[in-house]
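Taking it in order: structure first as C-alpha cells, then the write-up.
Values quoted throughout were computed directly from the atomic coordinates according to the rules given, and no laboratory measurement underlies them. All of these numbers come straight from a predicted model, not from anything done at the bench. Heads up, the Cβs are rebuilt from the backbone with ideal geometry, glycines too, and the neighbour counts pull from every protein chain shown.
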Amino acid sequence: MFLTKENMDFYESEGFLVLENFVSLEECESLRQRAMAIVENFDPSESFSIFTTNEQTRHSDLYFLESGDKIRCFFEEEAFNENGELRQSKSFSINKIGHAMHDLDQVFDNFSRTSQLEKIAQDLGFIDPRIIQSMFIFKQPFIGGEVVCHQDSAFLYTEPLSVKGFWFALEDSTKENGCLWAIPGGHKIGLKSRFCRSKDGLGTEFKVFDESPWEISKLIPLEVKAGTMIVLNGLLPHLSYANRSERTRHAYTMHLTEGEADYPESNWLQRSTEMPLRGF
C-alpha cells in the first residue's frame, strides 16, 4: 500500500486526506506553463461560455455539455464589464480548462497517469479505476468565482457511488486566494442531489433528494502549500470562496470512477464512443 493505516483511518473518518509535498514544484510549474499556453492559443470567438456554480442550470450550454471529451476554456463569471469587454487580460479571465486534458494533452496525461496515483486509487478501494474528468482551475485574482458547497458525486454519479477527487495545489492555497473548505465527516450524510442533463439533452437540472441546508458552520479551511495533493471522497461537502486577492490560486484536479460501476446517460458529462474512459 502507498497510503498508511493512519492515512486510511483519517480518510474514512473525515472524508478527505492531505498529502503534503506529493509533487515537485517543477511539476507544478510545468502544468501551469502548459495551461497558460492552452489559454494563449484559445480564441474567445469560438465560444462565449461562462462557468459558474450559481444557477448552474441557467448557464449550461452546448459548449459546456460537449466538453467531456475535449479541451475547452471557460470564462470567469465576472470576467466581463457592462460593455461586454474583459476586465483583465485573457490570461487572467479564464475560470478553468476542462474536461479531458488527461487524455488529449501529453503534459497533463503524463502527470495524471503515474504508478503512485494508481496505487493510491487501489488503496482507496478501486478495482478498475477510470479517469473521467480533469480540470485546470485558475481562481483568478480579484474575480476568481466562488464554488458553492457541493458533493462531487452529484456531478459524476455512478451506481454504486464511486467517484473520488485528486486535487493538486500548484500554488500556495490560502483563505486569502480561495482555498478549499470542507465539512469533516460530511461524507457520511449521503447524496443530497444530482446534476443531470434535462430530458431534451439541451440543458441541465438538479434532482434534489435532501433540501436541508449545508452545515456551513462546520466548514474548515484546507490551506496547503504548492505540491500538496488532497484526496476528496465523492460525498464530501466542500467549497471555495471567491478570490478577491491579487494572487492566482492555480490547481489541477482529476476525478476517478469505478469502471465496474454504472455511469448513467443522464449524467451531464458524457464522451463519444471513440474515446472510452481509461485508467492508469
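Note the full-extension length gain between Asn41 and Thr273 as 0.36 nm times their separation in residues minus their Cα-Cα distance, in nm to one decimal.
So the chain would gain 80.8 nm between Asn41 and Thr273.
If you average the C-alpha positions of the range 240-280 and of the range 89-165 separately, how far apart do those two centres end up, in angstrom?
For the range 240-280 versus the range 89-165, the Cα centre distance is 4 Å.
Between Arg244 and Glu146, what is the label-point separation in nm under the 7 Å Cα-to-beta-carbon projection?
Computed distance between label sites Glu146 and Arg244 equals 1.1 nm.
Based solely on its DSSP helices, what 222 nm [θ] is calculated for the chain when runs of n ≥ 4 H residues each add -39,500 (n - 2.57) and the sum is averaged over all residues, nearest 500 deg cm²/dmol?
One gets -5500 deg cm²/dmol as the mean residue ellipticity at 222 nm.
Give me a comma-separated list of calculated 3J(HN,Hα) values for the range 215-229, in order, Karplus coefficients 6.51, -1.76, 1.60 applied at θ = phi - 60°, integers in Hz, x for any Gly or Pro.
Here the 3J(HN,Hα) series is 7, 4, 5, 8, 5, 10, x, 9, 7, 9, 8, 4, x, 7, 10 Hz.
Along the charge dipole of the chain, Cβ charges K/R +1 and D/E -1, which of Met275, Gln33, Ser212 sits furthest on the positive end?
Most positive-ward Cα: Ser212.
Rank-order 63-73, 226-236, 4-14 by packing density, defined as the average count of other C-beta atoms within 10 Å over each peptide's residues, highest first.
Result, highest mean first: 226-236, 63-73, 4-14.
Please list, in order along the range 168-176, the HN-Hα scalar couplings obtained from phi with the Karplus expression 6.51 cos²θ - 1.76 cosθ + 1.60 (θ = phi - 60°), rounded to whole Hz, x for Gly and Pro.
Taking θ as phi minus 60°, the curve returns 10, 7, 8, 9, 4, 10, 10, 4, 5 Hz for the range 168-176.
Which whole-Hz ³J(HN,Hα) couplings does the range 122-132 yield from phi under the Karplus relation 6.51 cos²θ - 1.76 cosθ + 1.60, θ = phi - 60°, glycine and proline marked x?
Along the range 122-132, the couplings run 5, 4, 7, x, 5, 8, 9, x, 10, 7, 9 Hz.
So if I place +1 on the C-beta of Lys and Arg and -1 on the C-beta of Asp and Glu, and nothing else carries charge, what would the dipole magnitude of the chain be about its Cα centre? I want it in debye, nearest 20.
Roughly 180 debye, rounded to the nearest 20.
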